[in-house]
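Q: Okay, handing you the structure first.
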Amino acid sequence: MTSELSVRSDVPRTGRAAPALIGLVYPALVWSVHALSPFAVVLTLLAPGLCLYLAFRLANENRYRGATHVAYFAVGAPALYTFLGGWLDSQKWLPFGANGVWVILWSGLLILTAVERPKAIEEAGIRAGKLAFAHGVSAAVITTFAVFHLANHLTGVFGGEAHMAVMRHLRLVYRQPTVEVVLLSCVLFQVVSGAVLLLRRTRRSTVRWTEVLQNASGAYLLLFFASHVSAVLRARYLQHIDTNWIWLTADNLLTDAWSVRLVPYYFLGVVALAVHGASGLRWVLLEHGRRQTAERAFLATVAAGGLAALTIVVAMVVASLGGVSAAARTKIIGDRNGGGFDGECWRLGHRPSYESCGVGGLFRAISGEGGDTVE
Ligand code: HEM
């Protein structure tokens, strides 16, 4: 049961509205990476970091439920921006792109959080329950895949050939129809169950940092999974692109106006997975009364995840800097703001020529499997 309160809030109105404002200006931070300096990438990481801090303050106070949700949502801004960009910036059917939707969405959230009135929220007793258990089981399946998947990306340090050779071998397992259906079903279940658990969790005040970290990393992963898996499936089934190392590094990740968003997005995706997994592991160990091991395991997992994230992303960025020429890229991939997904590319079952879209064409061209050569 909730009731109106007239008490003054600890988090001022500016602090409550700040996550939505940060979300609103996030595209400008991304833009500054290619337009001003590659070092501006730090800003794209500080922005969700600041939202995380505000989520902690708001979750502690627990009287502004809307603002708390928006703060968690804003932590996921890098993933949401990639998700919307991936689907909206390369289509010709709707008369708007990701930036238009972005401004409307975050302006609305800004107004909502600025005018929200405080409510006393009942401290609901939250038990782990069956859903949390199933969430953990499904997480174990995804984590098993992720360990190999990220190990594969780490081989990018040794170059594209090594990365693609390892991926070819791993695909023999995870592209088995049964394995893939189980994996993608787990991802879907993870997203839905995660959203339910997160909404339940935010019904009570959260005083511990570890809980806020678990919630925020979960919120990021929700949006990351939605973006990442849909991007892979869209590329594979709608554009007929081979989603390999060339797909990952074809555009200069520091200077291409669209692709710079992928740097914070991928980095935080791996970090969020590590933080979220570490939180789950910590909770299980605490339940078994092993406090010291729990804290050590948490720190070690987060540190390993952070190091892996940095290594993978640096390897991808470095590879993308020496990638194919701009002319070849435009020719093969198409202009993401116009020539990428045209009607031809979108229609299921139709295989477009690789001049019109598809990095798969680039791979075929490089490996000499017919078609035009890439300069
Ligand atoms: C730097 C980070 C990451 C990069 C660059 C990346 C890249 C890729 C690529 C290139 C594929 C296509 C694989 C193929 O064609 O065989 C893929 C698929 C996939 N990725 Fe990631 N990924 C990253 C992080 C993650 C994380 C943290 C997860 C979470 C578990 C994840 C989950 C998946 C899933 C579920 C698929 C679909 C697999 C399939 O059925 O084919 N990825 N990723």
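Q: Could you say whether any residue in region 169-179 is in a helix (DSSP H, G or I), within 10 Å of the ligand (Cβ to nearest atom) and open to solvent by less than 30 Å² (accessible area, probe 1.4 Å)?
A: The answer is no, given that none of the residues of region 169-179 is in a helix (DSSP H, G or I), within 10 Å of the ligand (Cβ to nearest atom) and open to solvent by less than 30 Å² (accessible area, probe 1.4 Å).
Q: Okay, next question. Of the numbered conditions (1) within 21 Å of the chain's Cα centre (by Cα); (2) more than 10 Å from the ligand (Cβ to nearest atom), V207 fails exactly one; give the number of that condition.
A: V207 satisfies all of (1) within 21 Å of the chain's Cα centre (by Cα); (2) more than 10 Å from the ligand (Cβ to nearest atom) except (1).
Q: Looking at this structure, is T143 open to solvent by less than 80 Å² (accessible area, probe 1.4 Å), assigned to a loop (DSSP other than H, G, I, E, B) and under 26 Å from A304 (Cβ atoms)? Steps first, please.
A: Details: open to solvent by less than 80 Å² (accessible area, probe 1.4 Å): yes; assigned to a loop (DSSP other than H, G, I, E, B): no; under 26 Å from A304 (Cβ atoms): yes.
The answer is no for T143.
Q: While we're looking at this one, here's another question. I'm told W258 meets every condition in (1) surrounded by fewer than 23 Cβ atoms within 10 Å (Cβ to Cβ); (2) within 18 Å of the chain's Cα centre (by Cα); (3) free of Cβ contacts under 8 Å to residues at least 60 places away in the same chain except one. Can you identify the failing condition by its number?
A: (3)
Q: Examine region 157-173 for a residue that is modelled with pLDDT of 95 or more and closer than 22 Å to L222 by Cα, and state whether such a residue exists.
A: No - not one qualifying residue is present in region 157-173.
Q: Within region 225-241, can you find the residues that are over 19 Å from L154 (Cα atoms), within 12 Å of the ligand (Cβ to nearest atom) and of a type outside the set (V, I, T)?
A: F225, A226, S227, S230, A231, L233, R234, A235, R236, Y237
Q: Taking G136 and the conditions (1) away from the ligand (no atom under 13 Å from the Cβ); (2) at pLDDT 95 or above, which numbered condition does it fall short on, given that it satisfies the others?
A: Among (1) away from the ligand (no atom under 13 Å from the Cβ); (2) at pLDDT 95 or above, the lone unmet condition for G136 is (2).
Q: Considering region 32-48 alone, what residues qualify as being within 18 Å of the chain's Cα centre (by Cα) and either open to solvent by 60 Å² or more (accessible area, probe 1.4 Å) or polar (S, T, N, Q) (or both)?
A: V42, L43, T44, L46
Q: Now, a different point. Quick test for you: out of G218, G156, G194, pick the one residue that is buried (at least 19 other Cβ atoms within 10 Å of the Cβ) and near the ligand (Cβ under 10 Å from one of its atoms). I'd like the intermediate steps shown before the answer.
A: Numbers: G218 fails: near the ligand (Cβ under 10 Å from one of its atoms); G194 fails: near the ligand (Cβ under 10 Å from one of its atoms).
Among G218, G156, G194, only G156 is buried (at least 19 other Cβ atoms within 10 Å of the Cβ) and near the ligand (Cβ under 10 Å from one of its atoms).
Q: For region 49-61, give me each residue that is closer than 23 Å to R200 by Cβ and open to solvent by less than 70 Å² (accessible area, probe 1.4 Å).
A: Passing the criteria: C51, L52, L54, A55, F56, L58, A59, N60, E61.
Q: Another one. Could you please find all residues in region 298-309 being within 19 Å of G136 (Cβ to Cβ) and either more than 15 Å from the ligand (Cβ to nearest atom) or in a loop (DSSP other than H, G, I, E, B) (or both)?
A: Filtering region 298-309 down to residues within 19 Å of G136 (Cβ to Cβ) leaves 298, 301-302, 305.
The one that is within 19 Å of G136 (Cβ to Cβ) and either more than 15 Å from the ligand (Cβ to nearest atom) or in a loop (DSSP other than H, G, I, E, B) (or both): F298.
Q: I would also like to ask the following. For L248, all conditions in the list (1) closer than 30 Å to G322 by Cα; (2) over 17 Å from the mean Cα position of the chain (by Cα) hold save one; what is the number of the exception?
A: (2)
Q: Filter region 62-112 for residues that are open to solvent by 20 Å² or more (accessible area, probe 1.4 Å), small (G, A, S), closer than 25 Å to T202 by Cα and touching a helix residue (DSSP H, G or I) at 6+ places or on another chain (Cβ under 8 Å) and give the result. Give the derivation first.
A: First, the residues of region 62-112 that are open to solvent by 20 Å² or more (accessible area, probe 1.4 Å): 63, 65-66, 69, 73, 83-84, 87-89, 91-97, 99-101, 103-105, 107-112.
Narrowing further to those that are small (G, A, S): 66, 97, 100, 107-108.
When the remaining residues are screened for being closer than 25 Å to T202 by Cα, the result is 66, 107-108.
Passing the criteria: G66, S107.
The values are calculated or read from the model by the stated rules, or taken from the named source; none is laboratory data. All of these numbers come straight from a predicted model, not from anything done at the bench. Note: ideal-geometry Cβ built from the backbone for every residue, glycine included; neighbour counts use all protein chains shown. Side chains included, ligands, DNA and RNA excluded: accessible areas come from the protein's heavy atoms. Shrake-Rupley method; radii C 1.70, N 1.55, O 1.52, S 1.80 Å.
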